[in-house]
């Protein structure tokens with residue numbers, strides 16, 4: 001599964017649908033169709049309306065690990081090693097037989113019921129939160145915290161039961177640690193505290209010289225800029241057929257593999273991240289979609305578990321995947337429930353140093369895992385921290401207008417506003433460019449993740465990069481100041497040099513002024529071969545990280561967007 005560590009060494013494209021991809025699609029179909037349906041009412045506490053987030057989490061920690069399957073508990077017909085043998089390359093054709101794949105899935109579930117399947121720890125999962133096969137994750141809770149902050153700090157961090165789970169049921173591998181989770185919970189919960197005054201600008205006091213009202217485009221797919229949903233699904237098929245989720249899977253999680261990893265494994269990695277999609281966007285989709293995501297996610301993790309036992313995926317890669325999902329699940333209960341009570345406008349609030357809680361809740365391990373498989377290189381704690389930091393800067397700078405309009409305090413760039421706003425945004429953009437360059441130069445794995453993240457940032461419909469760069473207008477009633485750090489020419493020159501090894505499509509390459517519908521068609525072709533795939537992502541990175549482009553997207557003082565905001569509350 002490890003490919004030679006060279007961009008130009010892969011040669012011809014992988015088949016349109018590899019054998020392992022065919023098996024994976026069949027695996028998901030059988031798993032989902034044979035899975036017991038969980039309803040919203042059966043998967044949440046009956047008295048959730050009166051509970052705070054920490055109460056709901058404590059209640060779920062006490063739940064049984066029983067999967068509530070209709071199958072009786074019986075002696076599994078296959079051992080885990082026998083199941084894993086089917087995942088060896090030479091045995092994959094057997095799994096295209098419906099009877100055999102049903103037998104393997106049934107045996108896997110029976111092994112779960114007998115608590116013989118572990119996900120990295122010494123013990124099997126003991127509760128829905130640590131059981132990545134539970135198909136129950138749903139972080140939607142009704143709470144009465146109303147944005148309470150420091151008064152609830154001690155209660156919110158009572159995670160003693162969680163510490164036991166980390167020690168026995170999953171492996172942190174030094175990357176996703178219990179202390180890191182506690183720190184993330186504290187930061188996320190306090191994100192609406194320590195509210196700052198309206199910042200000053202180059203024009204003087206922010207009170208006497210207010211900036212224009214910050215607006216942003218509707219995050220839903222555009223009728224004019226995005227592909228028809230049926231066309232998009234034909235190019236990038238998924239089980240749930242929701243563009244918001246498909247974008248994250250194909251343009252980020254799978255793209256980070258650079259077409260150097262079997263598509264079946266990449267699809268499984270992308271689908272394994274469904275809990276991240278549920279946590280981020282559960283309020284924007286219906287119950288049926290959440291159920292599909294829950295089942296498909298469990299099927300994907302099961303598939304990857306057997307790939308791990310078959311030595312297709314390393315245990316370190318799988319263990320960290322599970323740890324990242326479990327910790328993300330926990331953070332999902334501590335989202336900013338006080339958002340609706342906040343005042344509108346552009347101002348800072350409580351902040352820790354980057355990446356803060358984004359270390360976990362940015363959910364980029366799926367992309368890192370794809371890149372790790374492609375290069376055969378391991379991901380260290382230091383490497384993960386650097387990637388989480390640069391991806392946080394990229395994500396939250398691009399979403400700054402949208403998050404401000406929606407009063408979304410999870411954005412650390414928004415929370416970090418202090419002093420003169422112009423100087424602050426200048427420093428953030430400069431830091432993003434500098435760190436992106438350093439990461440691209442550091443090693444192939446890290447570079448692939450940055451390329452994939454930039455690819456998703458531009459191509460995903462909800463970021464609305466096309467609408468922003470084409471729609472912002474320079475404010476007329478005061479002059480535009482100089483962003484001295486951002487405009488330092490060496491920043492972008494160094495970035496261009498770091499991108500040279502990845503190639504370019506030249507005039508045929510993508511850019512931020514190209515409609516996403518056009519990019520969809522071109523990307524579907526270029527992703528079929530590693531050479532053109534890397535060149536595509538390098539071109540899109542060059543375009544997004546051009547200093548003038550980033551400033552137009554980020555500078556809310558001197559560039560105003562005034563189009564249709566649509567549904568302000570969609571996927572907040």
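Nothing in this text is a laboratory measurement; each read-out follows from the coordinates by a stated rule. Every value quoted in this text rests on a predicted model; they were computed, and no experiment measured them. Here Cβ is always computed from backbone atoms with ideal geometry, including for glycine, and neighbour counts include all displayed protein chains.
A few points about this structure:
- Helix 178-189 vs. the chain, principal-axis angle (Cα, 0 to 90°, nearest 10): 50 degrees
- Rounded to 10°, Cα long-axis angle of helix 421-442 versus longest principal axis of the chain: 40 degrees
- Counting beta carbons within 10 Å around each of 489, 560, 135 and listing the fewest first gives the order 489, 560, 135.
- Ranked by how many other Cβ atoms sit within 10 Å of their own Cβ, fewest first, the residues 220, 527, 109 fall in the order 220, 109, 527.
- The chain: Cα Rg divided by the 2.2 N^0.38 Å rule of thumb: 0.95
- Projected label distance in nm at residue 488 and residue 438, using a 7 Å step from Cα toward the beta-carbon: 1.2 nm
- Contour excess over end-to-end distance, with Cα ends at residue 340 and residue 311 and 0.36 nm allotted per residue: 5.6 nm
- Computed from label points 7 Å out along Cα-Cβ, the spacing between residue 208 and residue 116 is 7.7 nm.
- Theoretical ellipticity at 222 nm over the chain - DSSP helices of four or more residues, -39500 (n - 2.57) apiece, nearest 500: -14500 deg cm²/dmol
- Among 182-192, 340-350, the order from most to least packed when residues are scored by Cβ within 10 Å on average: 182-192, 340-350
- Diffusion constant of segment 369-517 at 20 °C, which comes from Stokes-Einstein with the Kirkwood Cα-pair radius and 1.002 mPa s, µm²/s: 126 µm²/s
- 20 Å reach of a label modelled at residue 90, 7 Å along Cα-to-Cβ, counting backbone N of segment 312-335: 312-313
- Those residues of segment 521-557 whose amide nitrogen sits under 20 Å from the label point placed on residue 229, 7 Å along Cα→Cβ: 521
- Computed FRET value (nearest 0.05) for residue 480 with residue 500, which takes r as the C-beta separation and R₀ as 35 Å: 0.65
- Among 292, 278, 364, the order by Cβ neighbours within 10 angstrom, fewest to most, reads 292, 278, 364.
- Taking every Cα-Cα distance in segment 470-563 and sorting them into 10 Å bins starting at zero, the pair-distance distribution P(r) comes out as 15, 37, 30, 16, 2 percent.
- Label-point separation, residue 123 to residue 382 (7 Å along Cα→Cβ), nm: 3.6 nm
- The Cα-based radius of gyration of segment 405-484, divided by its Kirkwood radius, gives an Rg/Rh of 1.01.
- Calculated SAXS-style log₁₀ I(q)/I(0) at q = 0.15, 0.19 Å⁻¹ - segment 207-359, Debye, Cα scatterers: -0.97, -1.31
- The C-alpha atoms of the chain define a longest principal axis, and helix 98-113 lies at about 80 degrees to it.
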